[in-house]
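Everything on this sheet refers to the single structure shown next.
The values are calculated or read from the model by the stated rules, or taken from the named source; none is laboratory data. Model, not experiment: these values are computed from the prediction. Here Cβ is always computed from backbone atoms with ideal geometry, including for glycine, and neighbour counts include all displayed protein chains. We work out accessible area using only protein heavy atoms, side chains counted, and drop any ligands, DNA or RNA first. Shrake-Rupley method; radii C 1.70, N 1.55, O 1.52, S 1.80 Å.
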Amino acid sequence: MAGAKKDSKKKSKNPTSLEEIAANIQSQRTYVTCGPDENRHTAEHQYSGAYASMGIDNTFTMESFRENFKMWITHMDDEKVVFEMSGISPAIANAFRRILIAEVPTMAIEKVYMVNNTSIIQDEVFAHRLGLVPIRADPRLFEYKAEGETYNERNTIVFKMNVRCYREKTDDGSKGPLMNQHVYTNELVWLPKGSELPPDEESKFTAFTQSQAEYLKEKNDETVANAAAAGEEVIPLYGDNDPNEIATVNDDILLCKMVAGQEIELEAHCTKGQGKEHAKWSP
């Protein structure tokens with residue numbers, strides 16, 4: 001009799017009803033638990049009959065995905081969008097993340113033609129640093145440059161930089177402040193008419209048929225007209241900035257430091273690309 005009482009107490013302390021097990025499984029399928037040391041329930045079982053004994057249908061269908069999937073934008077500005085998703089498996093959510101990183105096109109500096117560089121930074125290191133500078137340009141207005149295709153206003157953006165560090169002269173002959181000691185991204189100047197470098201013996205650096213500012217205005221006007229005809233609203237990609245002007249996203253990114261007498265003169269050409277080709281095109 002005493003043993004029977006002990007068994008009944010054990011059963012009362014550890015309820016194992018099918019309803020509670022099913023509810024626990026459903027919670028694990030629905031939520032990722034974020035703990036102090038690790039995140040739990042991040043994996044999923046793709047087999048449709050994985051929980052058949054519990055009466056849970058684990059079959060994936062597009063109809064159920066459309067019905068259950070929801071997304072909320074919690075914050076959006078000129079540089080980032082923060083959103084939340086529900087009704088989606090961690091694997092598919094991670095696929096969205098990887099697509100955003102690898103397949104959303106942007107404009108980035110691809111070619112750097114160095115005219116003069118007497119700074120301490122080597123040419124190839126400085127060119128790599130320039131490639132990571134974010135460019136404020138709508139990639140939807142530009143085309144991918146095909147191999148062997150001429151650089152033109154539809155597939156290339158051209159910047160120039162010509163900065164020299166010197167010590168300013170004072171009226172009393174004493175040493176003045178050092179000018180252009182820090183080189184920032186605001187020294188990159190957009191050339192809407194294309195390259196200003198002398199042409200090669202075989203080909204030009206760029207072959208613009210019109211000003212890039214005129215080309216951008218035509219494309220933007222066309223986009224607005226098409227959106228108006230479709231009853232849609234055009235959301236500016238870069239807020240209040242002029243969509244017909246191209247510049248760097250931030251003009252205060254430090255590129256290098258120089259001392260008096262050092263100089264950097266170059267021309268940088270941007271093309272359209274994707275992050276799966278190089279990280280500089282990752283948004």
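With respect to (1) open to solvent by 60 Å² or more (accessible area, probe 1.4 Å); (2) in a loop (DSSP other than H, G, I, E, B); (3) out of contact with any Asp or Glu (no Cβ under 9 Å at 6 or more places or on another chain), the lone exception for His128 is condition (2). Evaluation of Ile120 against the conditions (1) over 27 Å from the mean Cα position of the chain (by Cα); (2) closer than 18 Å to Phe208 by Cβ shows that the sole unmet condition is (2). Taking region 170-194 on its own, how many of its residues are in contact with a Lys or Arg (Cβ under 7 Å, 6 or more places away or on another chain), touching a residue at least 60 places away in the same chain (Cβ under 8 Å) and not aliphatic (A, V, I, L, M)? Going through region 170-194 one residue at a time, the tally reaches 3.
Using the structure shown, decide if Glu67 is out of contact with any strand residue (DSSP E or B) (no Cβ under 6 Å at 6 or more places or on another chain), modelled with pLDDT of 85 or more and either surrounded by fewer than 11 Cβ atoms within 10 Å (Cβ to Cβ) or under 19 Å from Ala22 (Cα atoms) (or both). Judged against the criteria, Glu67 is a match.
Looking at the structure I just gave you, is Phe96 among the aromatic types (Phe, Trp, Tyr) and surrounded by fewer than 18 Cβ atoms within 10 Å (Cβ to Cβ)? Yes: the conditions hold for Phe96. Summed over region 180-194, residues that are of a type outside the set (Ser, Thr, Tyr), open to solvent by 60 Å² or more (accessible area, probe 1.4 Å) and part of a strand (DSSP E or B) total 2. Per this entry, Thr170 is not counted among residues that are modelled with pLDDT of 95 or more, open to solvent by 40 Å² or more (accessible area, probe 1.4 Å) and among the hydroxyl-bearing types (Ser, Thr, Tyr). Taking region 22-38 as the range and being in a loop (DSSP other than H, G, I, E, B) and open to solvent by 60 Å² or more (accessible area, probe 1.4 Å) as the test, the residues that pass are Tyr31, Val32, Pro36, Asp37, Glu38. The test for being over 23 Å from the mean Cα position of the chain (by Cα), farther than 29 Å from Lys280 by Cβ and open to solvent by 80 Å² or more (accessible area, probe 1.4 Å) holds for Asn226.
The residues in region 195-220 that are touching a residue at least 40 places away in the same chain (Cβ under 8 Å), open to solvent by less than 70 Å² (accessible area, probe 1.4 Å) and not hydroxyl-bearing (Ser, Thr, Tyr) can be counted, and the count is 9. Look at (1) closer than 30 Å to Gln274 by Cα; (2) at pLDDT 80 or above; (3) surrounded by 10 or more Cβ atoms within 10 Å (Cβ to Cβ) and you find that Trp72 fails only one, number (3).
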